[in-house]
Each structure stands twice: as structure tokens, then as C-alpha cells.
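The values are calculated or read from the model by the stated rules, or taken from the named source; none is laboratory data. Keep in mind that what you see is a predicted model, and the values were worked out from it rather than measured. Methodologically, a virtual Cβ is constructed for each residue, glycine included, from the backbone with ideal geometry; neighbour enumeration extends over all protein chains shown.
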């Protein structure tokens, strides 16, 4: 189709001809949709058969690791024997943990009557 509907033909058509034309066009739309899905499935199959997706995942993981190391470089050090990264001695587990008294501020805690008190601290409860 060239983007120009056959207006003259449609205006001079009978009711039955208009219904047939409409059904013909809707059938063409359905067939085009099926062809598109088949083509997309073939493309996805090719991507999955090649290692493009796996490579993209690995590259993203490396980028995230790089960012994490940059942010927490002071908390890790290399083992003298193996060269593998280890947590620095000055890094205590408490530095990485969420303080318990703050946790209630973010967790929905039900009150004793069974009505949820959303975000506990918002209602003055701890």
C-alpha cells in the first residue's frame, strides 16, 4: 500500500463490499503482525545463538565491579600471598551494615490492632 486509501472506491462501494474490504484489511494486518513476530523471533534466536547477549552481560558486570571498586577502594586490600582482594583490617562489618534502629523507619510495622502503620517512624513509633 502506498499510504493513500482508495477513497473513491470505498465511497462508491456497497455495504457488503465495505465489509469485505474491512475484513481483507484486518486480515492483512494480522498476517503482517505474524510475520513481524516470526522475524523478531529469528533475530532473538540469532542473538542468543551468538554470544552477544552473554558478552553484554559480562561487560556490564565488569563495569559495575569497576565502579564498586572505585567507591570502596579504601575498604579492600590485596592479599600479600595470593594477590586476591581482601577486606581491609580497619573495615569493621558495622561500617557496611544498616543500623537496626534506622531499619524501622523504612519497614512497614503492623500495630497491635492489626492496622498497618506505614513506615513506623512516620507515626512516632519505634
Among the numbered criteria (1) outside any helix (DSSP H, G or I); (2) at pLDDT 90 or above, which single criterion is violated by residue 27?
-> (1)
Is it true that residue 33 is exposed (fewer than 10 other Cβ atoms within 10 Å of the Cβ) and either at pLDDT below 95 or part of a helix (DSSP H, G or I) (or both)?
-> no
